Amino acid sequence: MKNINSYNFKGKKAIVRVDFNVPLNSNFMVTDNTRIKGALPTIIKIIDDGGSAVLMSHLGRPKEGPEERFSLKHVVSELERLTGTDVKFAPDCIGDETLKLKESLKPGDILLLENLRFYKEETKGDEGFAEKLAEGCDVYVNDAFGTAHRAHASTTIIARFFPDEKLFGFLINKELESMDKLMHDPERPFTAIMGGAKVSDKILIIENLLGRVDNLIIGGGMAYTFIKSQGGQIGNSLCEEDKLDIALNIIKSARRKNVNIYLPADSINADKFDENAKTDKSDSESVKEGWMGLDIGEKAIREFSEVIRGSKTILWNGPMGVFEMEKFSKGTSEIAKAIAEATDKGAFSLIGGGDSVAAINKNKLADKVSYVSTGGGAMLEYMEGKVLPGIAAIR
């Protein structure tokens, strides 16, 4: 497999799958350029080598062909600002006009293609569509880890047309390196922190981690399914009744494998799911009828933080409470701070999943942890031990 660090793009046209699925405001301005910045090292390497970069991405979920609000032309000005160079735009991602634009590229040029998902063939993994995307290019670079778990035309199928000239970009390399370090070579103690609403979303990753971690911290709405499975009274807290047996089995399996499992000792409760709800505190296994746990309490914060600060490897996926409501955000913010402190003392920390990433960014700690994954669903599937089509196509 070729490696971008040693590959020379001089005189070559590289077709690069990037993830420019960025939020736009009502004036079609980019409001968060994190994903564009993530692709910059790969783009800069190509043009600095004397190659040209043909960038392709999706944006949003267009239903029936082209839609103005999902056009990638809205990303051009931000891309030009970040790269410091003019960016050409192709009003279609395939076709004669696009092929002419590719053929006219000179070393150092950047061309951005229109939204791939304006064609249903993209998500269907259509081979003919992938072949048209590949036309006029010499090398394929996949740098969109967030879509690597999908066997789409631009992430997987296109690699067939570059049997000897395909490689990962810097972003995917860094994602894989960080996750492989966690899964195959963690320094101990290794602590996984799982949060979010549902046990069902995390069953596979928890099961895959149980043979690898020393500590498993469970917070967020999913914690109450675990608490109820052991006979706790959780009031109106979120609970997946059909997952009680699975939660209990996970607890038993953790004990068998000598994994320390931590559930929140106490909770901040509310009388309704509302920012302006009345609040109350209780042990997590004694939530009053009619009340619901929406954040972890002080005891849980102290216990979880102590475990985290004593760890050498940390994986965090999912918030500790409804952190988008200020009143119930403290638990998540304190966990973010504890991870930053552990990292400062030499721990390796990987943050993944939209809400955890948002919490790290909200607390301005992104540069205080080892790695913030852009992967989302792809990261979860990789951690579950699944083969990702976009990775397998190149590896």
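Just going by the charge dipole of the chain, with Lys and Arg at +1 and Asp and Glu at -1 on Cβ, which of VAL139, PHE304, PRO163 is farthest out on the positive end?
Checked the options; the winner is PHE304.
Given the convex hull over the Cα atoms of segment 351-395, what projected area results after averaging over all orientations, in nm²?
On the way: hull surface 14.2 nm².
Averaged projected hull area, Cα only: 3.6 nm².
Among ALA14, LEU40, HIS74, pick out the residue whose Cα is farthest towards the positive end of the charge dipole of segment 1-92, where Lys and Arg carry +1 and Asp and Glu carry -1 on C-beta, about the Cα centre.
Comparing the listed Cα positions along the dipole, ALA14 ranks first.
How long are the semi-axes of the equivalent ellipsoid of segment 142-261, defined as square roots of 5 times the Cα gyration tensor eigenvalues? Whole Å, largest first.
Numbers: eigenvalues 256, 67, 25 Å².
For segment 142-261, the ellipsoid semi-axes come out as 36, 18, 11 Å.
Restricting things to alpha carbons, find the Rg to Rh ratio for segment 207-303 using the Kirkwood radius for Rh.
Working: Rg = 13.7 Å, Rh = 13.7 Å.
With Rh from the inverse mean 1/r over Cα pairs, Rg/Rh is 1.00.
Quick one, could you list the DSSP H helices from the chain stretching 15 Å or more along their long axis (Cα atoms) with average Kyte-Doolittle hydropathy of 0.0 or above? Can you show the working numbers first?
Numbers: long enough: 34-49 (24 Å, 0.34); 170-184 (20 Å, -0.22); 244-256 (18 Å, 0.31); 298-309 (16 Å, -0.53); 330-344 (21 Å, -0.31).
Result, helices passing both filters: 34-49, 244-256.
In vacuo Debye scattering of segment 279-341, one point per C-alpha: log10 I(q)/I(0) at q = 0.12, 0.19 Å⁻¹?
Values, matching the q order: -0.32, -0.73.
Counting only helical runs of four or more DSSP H residues, what would the 222 nm mean residue ellipticity of the chain come to if each run contributes -39,500 (n - 2.57) and the total is spread over all its residues? Show your work: numbers first, answer last.
Values: 14 runs with 134 residues, N = 395.
It comes out at -10000 deg cm²/dmol, rounded to the nearest 500.
Are there GluC sites (Glu not before Pro) in segment 142-237 that DSSP marks as loop and that have at most 14 other Cβ atoms within 10 Å, and which are they?
Working: sites: GLU165, GLU175, GLU177, GLU187, GLU207; in loops: GLU165, GLU187.
Answer in residue order: GLU187.
Assign unit charges at the C-beta atoms only (+1 for Lys and Arg, -1 for Asp and Glu), then state the dipole size of the chain relative to its Cα centre in Debye, rounded to the nearest 20. Spell out each step's value before the answer.
Values: 53 positive and 59 negative charges, 152 e Å.
Value, rounded to 20: 740 debye.
Rounded to whole Å, give me the distance from the Cα center of segment 1-54 to that of segment 199-264.
What the calculation gives is 40 Å, centre to centre.
With point charges of +1 on the Cβ of Lys and Arg and -1 on the Cβ of Asp and Glu, referenced to the Cα centre of the chain, which listed residue (LEU101, SER178, LEU294) lies farthest in the positive direction of the dipole?
So the residue furthest toward the plus end is SER178.
What list do you get for ILE36, ILE94 if you sort them by fewest beta carbons within 10 Å? List each step's numbers first, then the result.
Numbers: ILE36 22, ILE94 25.
Going from sparsest to densest Cβ surroundings: ILE36, ILE94.
Taking every DSSP beta bridge with both residues inside the chain, roughly what % is antiparallel (nearest 5)?
Once the DSSP bridges in the chain are tallied, antiparallel ones form about 20 percent.
Rounded, prolate or oblate: which one fits segment 13-172, using the alpha carbon gyration tensor with axes a ≥ b ≥ c (rounded when a/c is under 1.5, else prolate when a/b beats b/c, else oblate)? Walk me through the numbers on the way to the answer.
Values: a/c = 1.33, a/b = 1.06, b/c = 1.26.
Rounded, because the longest to shortest axis ratio a/c is under 1.5.
If you build the Cα gyration tensor of segment 22-102 and take the root of 5 times each eigenvalue, what three semi-axes come out, in whole angstrom, biggest first?
Details: eigenvalues 92, 66, 21 Å².
Semi-axes (√(5λ), whole Å): 21, 18, 10.
Which three semi-axes in whole Å describe the equivalent ellipsoid of the chain, each the square root of 5 times a Cα gyration tensor eigenvalue, listed largest first? Write down the numbers at each step before the final one.
Numbers: eigenvalues 360, 95, 71 Å².
Taking √(5λ) for each eigenvalue gives 42, 22, 19 Å, largest first.
May I ask for the distance between the Cα centers of segment 85-133 and segment 60-75, given as a whole number of Å?
15 Å
Using the Cα centre of segment 58-171 as the reference point, and only Cβ charges (+1 on K/R, -1 on D/E), how large is the resulting charge dipole? Debye, rounded to the nearest 20. Mind showing how you got there, number by number?
Values: 16 positive and 22 negative charges, 79 e Å.
The dipole of segment 58-171 has a size of about 380 debye.
For segment 186-383, what are Rg and Dmax over the alpha carbons, in angstrom?
Answer for segment 186-383, Rg first and Dmax second: 15.5, 44 Å.
Trypsin sites (Lys or Arg not before Pro) within segment 53-82: which are DSSP loop residues with at most 15 other Cβ atoms inside 10 Å? Spell out each step's value before the answer.
Working: sites: LYS63, ARG69, LYS73, ARG81; in loops: LYS63.
Those that pass, being in a loop and sparsely packed, are LYS63.
How big is the charge dipole of segment 186-383 about its Cα centre, in debye rounded to the nearest 20, if each Lys and Arg gets +1 on its Cβ and each Asp and Glu gets -1 on its Cβ?
Values: 25 positive and 28 negative charges, 123 e Å.
Roughly 580 debye, rounded to the nearest 20.
How much net charge surrounds ILE203 when only the other residues with a Cβ under 14 Å from the Cβ of ILE203 are counted, with Lys and Arg +1 and Asp and Glu -1?
Spelling it out: positives minus negatives among the neighbours equals -3.
Each reported figure results from applying straightforward, stated rules to the coordinates on display, with no laboratory input. Note that the structure is a prediction, hence the values are computed from the model and not measured. Positions of Cβ are backbone-derived with ideal geometry, glycine not excepted, and every protein chain shown enters the neighbour counts.
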